[in-house]
Amino acid sequence: MTPVILLAAGKESAEVTDWAARVGWVVGLGLFVALVYWLMREGWKWRGTLQSDLPELPTAPDSPGEARLTMSGRYHGSTTAGQWLDRIVAHGLGTRSRAELTLTDAGLDVVRPGATDFFVPAAALREARLDKGIAGKVLTEGGLLIVTWEHGGKPIDSGFRSDHAAEHNEWVDTLNDMINKTETEGAR
């Protein structure tokens, strides 16, 4: 048996699009997205306010000495040491960016195009290690160079990834040797 299709004479099909409802939904969705974005921005600013006790970041000395190591790569952010999700946003430390690192006897110079540069004096360096994640960035095991340093009495972990990941081990060894020598000389 074949189905019978009945067509009523004079009946038209319903209007396909209700433009007023569609425009209302698009405007409502746009306002919702804008509200979420604004709330995230306010949360970021609030976190910066809570971390306002962190002093200004040091700048590199005029003559830092000869470069021991240099590295080009990415800066992935800074966190409270040991708490890899507690991002520090004060003074631009929360901004991810390209980075050029230079290690000298004076300390670690971090130059970030488009973001605030900072300098970590040799006496403030605490540890260097390889890890897999920091502040929302997770890579393979050992994919990030984590430098622990102290600023304003607060221990900070900063995460870097070299353009050439094979450089990470040399950086860890050199930084830890430098830290051990600084601690030994300070104990005398």
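Key figures for this structure:
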item: Residue in region 46-57 that is in contact with a Phe, Trp or Tyr (Cβ under 9 Å, 6 or more places away or on another chain) and surrounded by 11 or more Cβ atoms within 10 Å (Cβ to Cβ) present; result: yes
item: Count of region 155-188 residues which are polar (S, T, N, Q) and exposed (fewer than 14 other Cβ atoms within 10 Å of the Cβ); result: 3
item: Within region 121-154, tally of residues that are over 18 Å from R87 (Cβ atoms), outside any loop (DSSP other than H, G, I, E, B) and open to solvent by less than 30 Å² (accessible area, probe 1.4 Å); result: 4
item: Subset of region 58-77 [part of a loop (DSSP other than H, G, I, E, B) and open to solvent by less than 80 Å² (accessible area, probe 1.4 Å)]; result: P58, A60, P61, P64, G65, A67
item: Criterion (without any contact (Cβ under 8 Å) to a residue 40 or more places away in the chain and among the small types (G, A, S)) met by exactly one of G152, G143; result: G143
item: Considering residues of region 78-114 that are touching a helix residue (DSSP H, G or I) at 6+ places or on another chain (Cβ under 9 Å) and under 18 Å from R41 (Cα atoms) only, the residue most open to solvent (accessible area, probe 1.4 Å); result: H91
item: Any hit, region 80-91, residues being assigned to a strand (DSSP E or B) and at pLDDT 85 or above; result: yes
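The values are calculated or read from the model by the stated rules, or taken from the named source; none is laboratory data. Predicted model, so just to flag it, every value in this text is computed and none were measured. Note that each Cβ is placed from the backbone with ideal geometry, even for glycine, and that neighbours are counted across all protein chains shown. We work out accessible area using only protein heavy atoms, side chains counted, and drop any ligands, DNA or RNA first. Shrake-Rupley method; radii C 1.70, N 1.55, O 1.52, S 1.80 Å.
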